[in-house]
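The values are calculated or read from the model by the stated rules, or taken from the named source; none is laboratory data. This structure is a prediction, so every number in the text was calculated from the model and none was measured. As a convention, Cβ positions derive from the backbone with ideal geometry for all residues, glycine included, and neighbour counts pool all protein chains shown.
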Amino acid sequence: MNTVDTANTPRGRRSARRPRDRKAQLAAVAAELFCARGYHEVGITDIAAAAGVTGPALYRHFSDKQAILAHVVLSGIDELIATTQRALDDTDKPAPNQVDGLLERLAAMSVDHRDVASLWRWERRNLSPEHQREVRRRSGMLIGSWSGALRTLRPELDERDADLLCWAALSVYGSTAVHSTRIAKRRYTKLLIACARAVLHTTLPTEPALTATQQTARESTFLRTTRKDELITAASKLFQDRGFHDVSMEDIGSAAGISGPSVYRHFPSKAALFMAAAQRIAQQLEFGRLAVARTASSEADALRGLIASYIETMASSADLMTASSQVSALSDADRAELKRVQRDYVAEWTYLLRVVRPELGATEGRVVVHMALTIANDVIHTGRLAGRPNLHAELATIMAVAVGLPR
């Protein structure tokens, strides 16, 4: 077999040769485009052009765009699994040090690869049913490894409680995908590690607690709902389950018990329905904030109230304000308005948190708040956790620990 003397090959010729792992290069280019523009706004020709190859050359590695997304998401999970195994198989270290080493490695990965976390969070619903099942299977393997290690450190935990804490810790790392706040890597990784460690050592409550906003919401169910309300509720659930692009006006009408064309009597477009659903969430959050303002006795008490209010809202809503950046059908003005509402809401939390924890800077405070909010968004909509009878009180405790509230 002929060989090539790479040492004597001119530099220009070496750089022109095909990369050793073209498939990985194509996947990386696609991931960047998916994150920047959204999965549905990127075509095969866009990926090929950005990678400097032809369409047929790309098809030699991937059958279609969905296969590229599956490769990126599943490869990201595989990297998490491999990192976990390396950390936990280090028998030269005692179990606590193994877990600390794992948290450190995962923090670095999360900061360096925000794009993979973003695709896992926002675009995995665009995978085929087969690939979605595979994502669930591999995610279960990952959490199983974490849970086993955690129960070694905390033998008082049963398997279900350990799983809950591990899912919450995974959400801490996934929070890097939900905001664009910039912070020095060293400081960011320290915040991630501290938050994840605190979450894993949370003592879960055993008694549920009914808040003032829950009681008010319970009373409000006696009011009649309008057809517009029914459509907003139906659309919100469908957007959460399937994503904006894979839901039609006919789907929304069917879920609300009317025909698709009848939906247009109430909303001119699907984007208008999305905005109405997102604005309803914003109103519910504001309602909760005002209820907290009437009863809180301190900044820490107010922050606990906001935590409870947020959990209640997310339990019946999709995370649409954060997801709005992935909906190209929205106007620039609408998208900017939802970002403003979200930014103002996070700012309220950040102000309270910095009073309680004055050592945090403004940027650090925002990052910690996003960690806590992501825990609620993820855990509430994780099917295997949703049936826990005391989930709201457990989440409130976990989020309080995540932001560093005094016990």
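Quick notes on this one:
- Qualifying positions in the range 193-230 - at pLDDT 50 or above, of a type in the set (D, E, K, R), farther than 18 Å from PRO406 by Cα and under 29 Å from the mean Cα position of the chain (by Cα): GLU207, LYS228, ASP229, GLU230
- Residues that are surrounded by fewer than 17 Cβ atoms within 10 Å (Cβ to Cβ) and under 22 Å from MET371 (Cβ atoms) are absent from the range 134-143 altogether.
- Scanning the range 340-385 for residues that are among the polar types (S, T, N, Q) and not in a helix (DSSP H, G or I) gives a single hit, THR382.
- Residue in the range 106-127 that is surrounded by fewer than 16 Cβ atoms within 10 Å (Cβ to Cβ), in contact (Cβ under 8 Å) with a residue 12 or more places away in the chain and over 28 Å from ALA27 (Cα atoms) present: no
- Note on the range 283-308: residues that are in contact (Cβ under 8 Å) with a residue 60 or more places away in the chain and of a type in the set (Gly, Ala, Ser) total 5.
- Count - residues of the range 29-55 that are assigned to a helix (DSSP H, G or I) and either modelled with pLDDT under 90 or within 20 Å of GLY243 (Cα to Cα) (or both): 12
- Consider the range 1-28 and keep the residues that are out of contact with any His (no Cβ under 8 Å at 6 or more places or on another chain) and modelled with pLDDT of 85 or more. The one that is nearest to ALA329 (Cα to Cα) is ALA28.
- Here VAL247 meets the list (1) in contact with a Phe, Trp or Tyr (Cβ under 7 Å, 6 or more places away or on another chain); (2) at pLDDT below 90 almost entirely, failing just condition (2).
- Check on PHE62, crowded, with 19+ Cβ neighbours inside 10 Å, assigned to a loop (DSSP other than H, G, I, E, B) and of a type outside the set (D, E, K, R): yes
- Across the range 127-174, the number of residues qualifying as closer than 21 Å to ALA402 by Cβ and part of a helix (DSSP H, G or I) comes to 24.
- Failed condition for PRO389, given (1) surrounded by 23 or more Cβ atoms within 10 Å (Cβ to Cβ); (2) more than 15 Å from LEU192 (Cβ to Cβ); (3) not aliphatic (A, V, I, L, M): (1)
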